[in-house]
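Each value in this text was obtained by applying a stated rule to the coordinates, not by laboratory testing. These numbers come from a predicted model, not from an experiment. Counting neighbours? That spans all protein chains shown, and the Cβs are built from the backbone with ideal geometry, glycine included.
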Amino acid sequence: GTYWCHSHSGFQEQQGLYGPLVIEPREPEPFAYDREHVVMLSDWTDEDPNRVFAKLKKQSDYYNFHQRTVGDFFRDVRRQGFKGAAADRRMWGAMRMNPTDLADVSGSTYTYLMNGTAPAGNWTALFKPGERVRLRFINGSAMSYFDVRIPGLKMTVVAADGQYVHPVTVDEFRMATAETFDVIVEPSGQEAFTIFAQSNDRTGYAAGTLAIRHGLRASVPALDPRPMLTMADMGHDMSAMAPAPAASSPADHTVGTTPNPSDPHAGH
């Protein structure tokens, strides 16, 4: 299966001390493919990681450059009304949290890498038309979640964290830190496809190319709109938790002790 290894000493992982670990199976795998590539995602900062950590200890949202503004408030007033917009901000303020807090460290200091290469470096994986290509995705980042897609191609997920899964075909999947996903793609119809992995806070992306030869590039999609957390995301949406209507007859609180003969665990 697909795994990876990294240092547990200080900030060595953030400084690049990590690598993929592929364990070949003893038995035949339950799916076929013609070639494979490891696609390792990571985040890199030119800052001293100790300095990054010190900043976060002093101000946890130091790298969040997308906090809500007065303009956002007036936009929300038009959509929710003044009371709704004000109540929303009071709730977030009471929790001392921020709905734009999607990542502790963002693209304001990070460059997102694919196999150690920035998007401009155009890391390339080769294929021949008609082949089934296995891509072993690894999120080797220190702090980042990625949303991964290959525009123009469906991806069939066949393994997760080194374990086989029932194949499921997707357009995109999200990878948390340290997760691995193995997917099968069947590129055809064009010479190059972009492997696109955008950070979940939409402050940057890692990208490479799946192509028939080196030197080709496909168009890179724009970043998706930046998401905003809601009270439902925080587990505080009570709209679906209204009390049940009163019972029409008194509740029966008798505790029965007669075992059900059809239940193999009766009486346990």
- Estimated FRET transfer efficiency when R0 is 22 angstrom, pair Glu27-Thr156 (beta carbons, to 0.05): 0.60
- Message: Taking just the alpha carbons, could you work out the radius of gyration and Dmax for segment 49-95, both in angstroms?
- Response: 14.8, 44
- Task: Would you please put 129-136, 19-26, 227-234 in order of how densely packed they are, using the mean number of other Cβ atoms within 10 angstrom per residue and starting with the highest?
- Result: 129-136, 227-234, 19-26
- Message: So, R0 is 25 Å and r is the distance between the beta-carbons of Ala232 and Ala176; what FRET efficiency does that work out to, to 0.05?
- Response: 0.80
- Task: Any chance you could check the Cα centroid distance between segment 149-218 and segment 11-66 for me, in angstrom?
- Result: 16 Å
- Note on the structure: Any lysines whose Cα falls less than 18 Å from that of Lys154, other than same-chain ones fewer than 8 residues away, would be Lys128
- Note on the structure: So, over other residues within a Cβ distance under 13 Å of Val157, counting Lys, Arg +1 and Asp, Glu -1, the net charge is 0
- Note on the structure: Once both label points are put 7 Å beyond Cα along the C-beta direction, the Met91-Ser219 separation in nm becomes 3.9 nm
- Item | Binned Cα-Cα distances of segment 74-210, short to long, each 5 Å bin given as a whole percent | 2, 9, 16, 17, 15, 11, 9, 7, 7, 4, 2, 0
- Note on the structure: Asserting the computed 222 nm helical MRE of the chain (DSSP H runs at least 4 long, -39500 (n - 2.57) per run, divided by residue count, to nearest 500) equals -4000 deg cm²/dmol
- Residue of Ala87, Ala103, Ala222 that the Gaussian network model of the chain assigns the largest fluctuation, springs spanning Cα pairs under 10 Å: Ala87
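How big is the shadow of the Cα convex hull of the chain, averaged over all directions, in nm²? Please list the in-between numbers first.
Working: hull surface 97.1 nm².
If I average the Cα hull's projected area over directions, I get 24.3 nm².
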